[in-house]
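Scroll down for the structure; my scribbles are underneath it.
Just so you know, all these numbers are worked out from the coordinates, no wet-lab data involved. Worth saying up front: this structure is predicted, and the values here are computed from it rather than measured. As a convention, Cβ positions derive from the backbone with ideal geometry for all residues, glycine included, and neighbour counts pool all protein chains shown.
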Amino acid sequence: MRKPLLVVTGVDPVAMDTALISLAWDLPRAVSVRHLIDPHTQVLTRTVSDATGVVEREQIQLEHACVSCALREDIVPTLERLARDHRWSAIVSGLPTGTEAARLAQVLGADTRLARHLKLSAVLAAVGTDDVVRDLLGDDLLRERDLHTNPGDARGVGEVACAQIEYADLVVLDADPGVEAADLVRALARPGAPVVVGAAELDATALTAQRHQVGLSSAWCAPAFDVELPALRGSRAWRLDLSSPRPFHPDRLLDQIERLGAGRHRSRGAFWLPTRPGDLLEWSGAGGQLSIGSHSAWGLRAPMTRLLVTGVGTAPSDLVAAFEDLLLTRTEALLDQHTWAVHEDGLEPWLGEIRRVA
């Protein structure tokens, strides 16, 4: 029989552990496994518990203190081992703090051996409520809170926390954060994903009966997302859907990227450049911490530039104008393609070398 698996993510260890304990206690014959990465020693600690107490605790020296190594070397093998153990009927897994669940879902979905023993029932994002708006839209780095996974981890708290909320089947707030913060979380969450206040309100039995909505989560979180946006009626959160078939101008993007990337908001999406017409480029940022990179090829899809920007309070009045200024003008868009057939466009440090030169 396939064992249901509930996965808890977050950037607040206390909120994560509270959700983990609540889920495990609510399920008969459940086993919980918590993984933690020490970025300084590159040690992964695994703690397995059930109703009787701690079953095992082990430390594993990682080749690299990163999530990919942790998944490969211990997290996935441990989940498979627990799924084969007849002592337990369900598994609750707390991923290393700051880890996104999409990679684990991909691994579980592609492994036919694991599929015979394990069912990913739900991914939860546990959110601490000391200062939700700062966590999601501030400029703190994970390493400034000692939550990074390795010495080179330069990710922002907001970018990671927003991505976890966006991917989750359910978001659990550890307390009532106030109307503004709650509205922000609901605006970020996948359409239709419940937002629950208090771990005691989680229905673990119902969660194990369902299946992780990988298709819905992937579609909502994809850089080139094509999902109908629900209206934010009566919300204290705001959302801008900035979209155009035109690409960004590489020089103006390099010179003026802060106009869109800086500020207390979450921004994500896809864009393209005339110098790299076949490349789907990803945009992801929060609180002024911005990442851009090459995601995949556009393939048969028509390239487009689309950014979803979300915040609270009043939307900055200059974001729409900034977006328009970074795009090719309609005159520039009519230029011959050979105009953009360059060897370098200045964005190589972020996007890599140009692979196609006409």
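Brief remarks on what is shown
- Residues whose amide H comes within less than 5 Å of that of V8, counting only those at least five positions distant or on another chain, are S93, G94, L95, L124 (H built at 1.01 Å from N in the peptide plane).
- Over all projection directions, the Cα-based convex hull of region 237-351 averages an area of 7.0 nm².
- With Cα atoms defining each centre, region 232-290 and region 295-309 are spaced 12 Å apart in the structure.
- When DSSP beta bridges are restricted to pairs lying wholly in the chain, around 65% turn out antiparallel.
- The chain: relative contact order as a whole-number percent, Cα under 8 Å and 6+ apart: 16 percent
- Once you divide the Cα radius of gyration of region 3-221 by 2.2 N^0.38 Å, the number left is 0.95.
- To the nearest ten degrees, helix 179-188 and the longest principal axis of the Cα atoms of the chain are 80 degrees apart.
- For region 105-118, putting each phi into the Karplus relation 6.51 cos²θ - 1.76 cosθ + 1.60 with θ = phi - 60° gives couplings of 4, 5, 4, 5, x, 9, 9, 5, 5, 5, 4, 7, 10, 9 Hz, in residue order, rounded to whole numbers and with x for Gly and Pro.
- Compared with the dominant principal axis of the Cα atoms in the chain, helix 157-167 is inclined by about 80°.
- Between D131 and H338, the contour length at 0.36 nm per residue exceeds the Cα-Cα span by 69.5 nm.
- Rounded to 10°, Cα long-axis angle of helix 13-26 versus longest principal axis of the chain: 50 degrees
- Extending 7 Å from the Cα toward the beta-carbon at both Q210 and A231 defines two label points whose distance is 2.5 nm.
- Residue range of the chain that is longest and free of GluC sites (Glu not before Pro) which are both DSSP loop and sparsely packed (at most 15 other C-beta within 10 Å): 64-227
- In order through region 206-217: 3J(HN,Hα) via Karplus (6.51 cos²θ - 1.76 cosθ + 1.60), integer Hz, x for Gly, Pro: 5, 5, 5, 7, 9, 10, 4, 7, 4, x, 5, 5
- In the chain, helices alone account for a calculated mean residue ellipticity at 222 nm of -7500 deg cm²/dmol, with every DSSP H run of four or more residues adding -39,500 (n - 2.57).
- Ignoring the sites themselves, the chain has its longest run without trypsin sites (Lys or Arg not before Pro) in a DSSP loop having at most 13 other Cβ atoms within 10 Å at 117-210.
- Using a cutoff of 8 angstrom between alpha carbon atoms and counting only pairs six or more residues apart, the relative contact order for region 81-190 works out to 29 percent.
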